[in-house]
Amino acid sequence: MSHYALTIHQAQEKLRAREVSAVELSQAVLNRIQDTDQHLHSYLTVCAEEALAQAETADRTLANGVTPPPLCGIPIALKDVILAQGVRSTAGSKILEHFVSPYDATVTQHLKEAGAVIIGKVNCDEFAMGSSNENSAFAPCRNPWDTDRVPGGSSGGSAACVAADQTCAALGTDTGGSIRLPAAFCGIVGLKPTYGRVSRFGVVAYASSLDQVGPCTKDVRDCALLLEVIAGYDPRDSTSVNRPTPSYTAHLERGVSGLRIGIPQEYFIEGMQPEVETAVRDAIAHLSTLGAEIVPISLPHTEYAIASYYIIAMAEASSNLARYDGVRYGYRAAEVEDLGALYQTTRAQGFGSEVKRRIALGTYVLSAGYYDAYYVKAQKVRTLIRQDFLSAFEACDIIATPVAPTTAFRLGEKLADPLTMYLSDIFTIAVNLAGLPGLSVPCGFDQHGLPIGLQLIGRPFDEEALLQAGYAYEQDHDWRARKPPL
Amino acid sequence: MRITPDEVRQIATLARLSFTEEELTELTQHFDTILTYVDKLGELQTDSVEPTAHAVAVSAPLRDDVVTNTPNAAQTDALLANAPSRKTHFFRVPKIIE
């Protein structure tokens, strides 16, 4: 097997056995990017020089003979909303095209302390707003399984680069499905951790009460490994939660015997692609043969999740993105008369149309006269959605659903109508509103050879149960043996 | 229509955005579609429901009142390096007082 195709845990073994050096591994990945990225546009910035320097350091650590840190010499890509010191961070936006981060995000710091090689920054929808990666201000990232199709969004680059073996693993962010949807569309494993599990310090904000950083990996073991490294309390993020991080890899093989898996009737809807429903139901049936108990449940407010989400997310976005004013960093419009015009022209020229639409709608729902009718109403519905899940978890331990009603759609297919695009997130969004962990695991292919994803949803801070169930399923289904035609 | 182009223009001003007439027509249409869709929340009786701002309980943590970030010239430079316009260690903006 080529070095670039290695998972984190395979690379770990080979590096420690000195069968491959960290420099060889990073070089293989860099070559792979060079050979394939003109078809995919996964990467916005490749950190070749820095990566090879980090790999050399890793080789010295590995040669020392003492136990190296968990990610020593392992190439990891970062979604371009996650800051790395001295590296350009665009968030997929023209307004930050030349922004070089003066500091590391907490997750980046954790990766570096664990010995990881930051191989580059990957494509995403502008400010993580989108479900297809077509809102990237630079170029849409493409799906490695069919380059006429989208990789999903907003973490499209994070999923595509992992699926195409352009890195060992990547980090993405998930506000309404932005890790899980691309993971499903690209046939990889993606996890949105519980809100508060992973620090958001140094991550470009979209909707702060929903955003969460998580792993995009080739298999479930890698996902557990990477989560272990990035999770934990951070005093620099007031919403990060101060509780110990379990060792996710230690009990990965526990199995699903006795686990109660809830199946919500609202997630198997009319109009779903039949192959998606079949693959997801087969996966659930398999978990049942492994000893899990299948329990029908109901999440009655599911159909209100998208409306609630978009009001809340747009309101938070309009507030968060007020900082891009052309004064302290980022793009500034030329030749403006006064400060008011500077703000307005900078933002009109610097932001793309979806970002402007969300800022405008967010401003509207927060404005006098509409605040209660839209914003407070959406927050109340959020309470109902959260209560749905908490009562469901009295009857079950985890919940299994499809990640999306269809496999990857074509570029341009949903661009004209924003609402149709928003509906792509129909099965992922409620998880963010409720602050729960959600895992996307590959569970088959449709007749066009496009991957299908199974979503597992857990109780707050119970990522362990999801990883154990995902791992148990994966041991009997080697979907990863099939590779995208690149 | 739920909203007029003039109202959308007013929102744009509040949000420090500007749109061409063509963009404004399209945006008004999108506002209409999205606002009509989110109206479905009105089907739910929520008078006695508390709003949720954060899914997990969040409180404002306090720390000791000590200096944790002593100013350092290299860091100041790195910050100012991203400024679109600067003069020595200041951000430079168009004149705001006549």
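The values are calculated or read from the model by the stated rules, or taken from the named source; none is laboratory data. Please read these numbers as outputs of a predicted model, since none were measured by experiment. Glycine also receives a Cβ, built like all others from the backbone with ideal geometry; neighbour counts cover every protein chain displayed. Keep in mind that these areas ignore ligands, DNA and RNA; they rest on the heavy atoms of the full protein, side chains included. Shrake-Rupley method; radii C 1.70, N 1.55, O 1.52, S 1.80 Å.
Data overview
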{"quantity": "Test: residue in segment A:373-393 that is in contact with a Phe, Trp or Tyr (Cβ under 6 Å, 6 or more places away or on another chain), under 19 Å from A:R180 (Cα atoms) and modelled with pLDDT of 95 or more", "calculated": "no"}
{"quantity": "Residues satisfying the stated conditions in segment B:28-60, i.e. more than 7 Å from every other protein chain (Cβ to nearest Cβ), hydroxyl-bearing (S, T, Y) and surrounded by 12 or more Cβ atoms within 10 Å (Cβ to Cβ)", "calculated": "B:T28, B:T36"}
{"quantity": "Verdict on A:K414 being more than 16 Å from the chain's Cα centre (by Cα), buried (at least 17 other Cβ atoms within 10 Å of the Cβ) and among the basic types (K, R)", "calculated": "yes"}
{"quantity": "Residues that are within 14 Å of chain B (Cβ to nearest Cβ), open to solvent by less than 10 Å² (accessible area, probe 1.4 Å) and in a loop (DSSP other than H, G, I, E, B), drawn from segment A:94-114", "calculated": "A:S101"}
{"quantity": "Every pair of residues 6+ apart whose Cβ atoms lie under 7 Å, when the first sits in segment A:168-182 and is under 28 Å from A:K14 (Cα atoms) while the second is part of a loop (DSSP other than H, G, I, E, B) and polar (S, T, N, Q)", "calculated": "A:C168/A:T7; A:G172/A:S155; A:G172/A:S178"}
{"quantity": "Any hit, segment A:235-257, residues being part of a helix (DSSP H, G or I), modelled with pLDDT of 95 or more and surrounded by fewer than 16 Cβ atoms within 10 Å (Cβ to Cβ)", "calculated": "yes"}
{"quantity": "Selection count where residues are of a type outside the set (S, T, N, Q), in a helix (DSSP H, G or I) and at the interface with chain A (Cβ under 10 Å from one of its Cβ atoms), scope segment B:10-23", "calculated": "4"}
{"quantity": "Scan of segment A:205-224 for residues that are under 18 Å from A:P442 (Cβ atoms), touching a Leu at 6+ places or on another chain (Cβ under 8 Å) and open to solvent by less than 20 Å² (accessible area, probe 1.4 Å), ordered by number", "calculated": "A:G214, A:P215, A:C216, A:T217, A:V220, A:C223, A:A224"}
{"quantity": "Segment A:357-372 - residue that is at the interface with chain B (Cβ under 7 Å from one of its Cβ atoms) and under 10 Å from A:A317 (Cα atoms) and, of those, most open to solvent (accessible area, probe 1.4 Å)", "calculated": "A:T363"}
{"quantity": "A:S288 vs. criteria surrounded by fewer than 23 Cβ atoms within 10 Å (Cβ to Cβ), more than 10 Å from every other protein chain (Cβ to nearest Cβ) and at pLDDT 95 or above", "calculated": "yes"}
{"quantity": "Output for segment B:86-98, where each listed residue is open to solvent by 100 Å² or more (accessible area, probe 1.4 Å), out of contact with any helix residue (DSSP H, G or I) (no Cβ under 8 Å at 6 or more places or on another chain) and part of a loop (DSSP other than H, G, I, E, B)", "calculated": "B:R92, B:K95, B:I97, B:E98"}
{"quantity": "Among the residues listed as B:A53, B:A83, the single one being part of a loop (DSSP other than H, G, I, E, B) and closer than 30 Å to A:L384 by Cβ", "calculated": "B:A53"}
{"quantity": "Conditions (1) under 18 Å from A:M314 (Cβ atoms); (2) surrounded by 14 or more Cβ atoms within 10 Å (Cβ to Cβ): number failed by B:S18", "calculated": "(1)"}
{"quantity": "Some residue of segment B:69-83 being out of contact with any Pro (no Cβ under 6 Å at 6 or more places or on another chain), facing another protein chain (nearest Cβ under 7 Å), crowded, with 16+ Cβ neighbours inside 10 Å and at pLDDT 95 or above", "calculated": "yes"}
{"quantity": "Test: residue in segment A:82-91 that is on the phi > 0 side of the Ramachandran plot and either part of a strand (DSSP E or B) or open to solvent by 10 Å² or more (accessible area, probe 1.4 Å) (or both)", "calculated": "yes"}
{"quantity": "A:V46 surrounded by fewer than 24 Cβ atoms within 10 Å (Cβ to Cβ) and among the hydrophobic types (A, V, I, L, M, F, W, C)", "calculated": "yes"}
{"quantity": "Which listed residue is among the β-branched types (V, I, T) and in contact with a His (Cβ under 7 Å, 6 or more places away or on another chain), from A:V46, A:V20, A:V66", "calculated": "A:V20"}
{"quantity": "Those residues of segment A:283-316 which are assigned to a strand (DSSP E or B) and in contact (Cβ under 8 Å) with a residue 60 or more places away in the chain, in sequence order", "calculated": "A:V295, A:I297"}
{"quantity": "For A:Y375: the one exception among (1) within 8 Å of chain B (Cβ to nearest Cβ); (2) open to solvent by less than 40 Å² (accessible area, probe 1.4 Å); (3) under 23 Å from A:S318 (Cα atoms); (4) of a type outside the set (V, I, T)", "calculated": "(1)"}
{"quantity": "Test: residue in segment A:434-445 that is in contact (Cβ under 8 Å) with a residue 12 or more places away in the chain and part of a helix (DSSP H, G or I)", "calculated": "yes"}
{"quantity": "Residue within segment B:59-76 that is without any contact (Cβ under 8 Å) to a residue 24 or more places away in the chain and within 17 Å of A:A315 (Cα to Cα) present", "calculated": "no"}
{"quantity": "Test result for A:A416, within 14 Å of chain B (Cβ to nearest Cβ), outside any helix (DSSP H, G or I) and within 19 Å of B:Y37 (Cα to Cα)", "calculated": "yes"}
{"quantity": "Per-region count, segment A:314-344, residues closer than 28 Å to A:Y375 by Cα and at the interface with chain B (Cβ under 7 Å from one of its Cβ atoms)", "calculated": "3"}
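Per-residue answers, yes or no, for (1) under 13 Å from the mean Cα position of the chain (by Cα); (2) open to solvent by 10 Å² or more (accessible area, probe 1.4 Å):
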| position | (1), (2) |
| --- | --- |
| A:A116 | no, no |
| A:K121 | no, no |
| A:N135 | no, yes |
| A:N143 | no, no |
| A:S154 | yes, no |
| A:A164 | no, no |
| A:S199 | no, no |
